[in-house]
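In what follows, a single structure is set out as structure tokens and then discussed.
Nothing in this text is a laboratory measurement; each read-out follows from the coordinates by a stated rule. Since the model is a prediction, treat every value here as computed from it, not as a measurement. No Cβ is skipped: glycine too gets one built from the backbone with ideal geometry, and neighbour counts run over all protein chains shown.
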Amino acid sequence: MRVRLKGDAICTLLLLVALCSLLYSQLEHLVPVGNKEPTQKKPSGTSKIFSDARASWRLMPAEATAPRPPVTPTIRRTEVANKKVQTTTAPPLTDSAFNFKRYLLNKDNRNFNILINQPKKCRKIPGGPFLLIAIKSVVEDFDRREIVRKTWGREGLVNGEQIQRVFLLGTPKNRTVLATWETLVHQESQAYRDILLWDFVDTFFNLTLKEIHFLNWAAEFCHNVKFIFKGDADVFVNVENIVDFLERHDPTEDLFVGDIIYNARPIRVRKSKYYIPETMYGLSIYPAYAGGGGFLLSSRTMRKLSRACREVELFPIDDVFLGMCLQRINLKPVLHEGFKTFGIVKPSAAPHLQTFDPCFYKDLMVVHSLKVAEIWLMWNLLHSPHLSCTQKKQVKKPFQWKKKAQPTTQASPLG
């Protein structure tokens, strides 16, 4: 009888142990683990200032959260359940999911401090530079800035005219993770003296802020410039052709030239990068504006636009906003066929020509959407002493550039 009781007690004890183990394992799954903060590994390669700058930036996490800016162009991906929005852990959406409500609440914040300035950029040139090249860029794109400096964006004399250069930057979205970005940009500024950095987050929908801050800067620190070329870092610019064109114009008169887009309609498709709701812009057609790959303006027009931009309500698409400012000063922009802000399409009447032939670029001014290597190659091909474009291949009939159908939306994504 005792053996039997002892055996029952042992079985009961084993069952209790198994039950406790099962309960413990279940409790482990129920305990929240979201409060544990993962240890972030420091990115490698950040000690080198120039040659490894882009590599070190690319090694850093892409979905890091930044301090909330006055104008935030992106929102976190939302999960809608029972009409409740959860935004705790989801990664951010692309710019097409722009938070218009937040933008409208903060759109009057248009005055941001300049963190890196070049106040003597134009003053050190007696009489002022003939042409100021202003290029939109972002902190991470050091390689694009460097190729511009070494090719078409060189400072100095071109056809006897003085050229100066600046790059327009805002702060990066993931600046809390890019621990060395400030050091890198300041080192770059000390080396080249061509960086303008403002204290707003550099995003697609904040390009309007870059537009108005540059115009204000130019009116204050570069008022003695004759002309300005403003464009993207992914364009190829034939500066010699631009100088030749501008020498036939008076900087004291109004001038605004580029690839002008007429009768463009606001995009109402929510998935589009350029989506604009009717509550923000109720008209059916935008005013005429220049494709953002690049455009020219005179000193007089620059000063008038800097004043108009303070009076026109901010709009999240910078090219259209500048068109609104042109409309405000009653100035019609001039279309020039040498500005190819949508790239080059080979004419069907000239099948012998290749779109990357340097003779194809020789008579153009601006070609948009080129890679870094393509910009470098085209520059060297065009400036080769062995280049000859005098011998034309025989064709049945001459060709002419046909005016491409104007797009129905904004045409200058961040390059």
Förster-model FRET efficiency, 41 Å R0, D250 and T279, C-beta, rounded to 0.05
0.45
Placing each pseudo-label 7 Å from Cα in the direction of the beta carbon, A179 and N113 end up separated by a distance in nanometres of 2.4 nm
Per DSSP, loop GluC sites (Glu not before Pro) in the range 244-304 with at most 12 further Cβ within 10 Å:
E253, E278
Packing-ranked peptide list from 136-143, 265-272, highest mean Cβ count within 10 angstrom first, is 136-143, 265-272
How much net charge surrounds I116 when only other residues with a Cβ under 12 Å from its Cβ are counted (Lys, Arg +1; Asp, Glu -1)?
-2
How much length, in nm to one decimal, is gained on full extension between S388 and R268, taken as 0.36 nm per residue of separation minus their Cα-Cα distance?
38.4 nm
log10 of Debye I(q)/I(0), alpha-carbon scatterers only, for the range 104-239 at 0.15, 0.16, 0.17, 0.21 Å⁻¹:
-0.72, -0.82, -0.93, -1.37
If you keep only loop residues by DSSP, which trypsin sites (Lys or Arg not before Pro) in the range 184-257 have at most 11 other Cβ atoms within 10 Å of their Cβ?
R248
May I ask you to list the residues of the range 271-302 whose amide nitrogen lies under 19 Å from a point 7 Å from Cα along the Cα→beta-carbon direction of L105?
277, 279-280
Expressed in nanometres to one decimal, the distance between label points 7 Å along Cα→Cβ at E311 and I10 is 9.9 nm
Say the dipole of the range 203-341 comes from +1 at the beta carbon of Lys and Arg and -1 at that of Asp and Glu; which of A233, V257, T279 then lies farthest toward its positive end?
T279
Whole number please: convex hull volume per residue of the Cα set in the range 217-281, in Å³?
176 Å³
To the nearest 0.05, what FRET efficiency results for K332 and N380 with a Förster distance of 56 Å applied to their C-beta separation?
0.90
Taking only Cα atoms of the range 250-334, the Rg to Rh ratio with Kirkwood Rh works out at 0.99
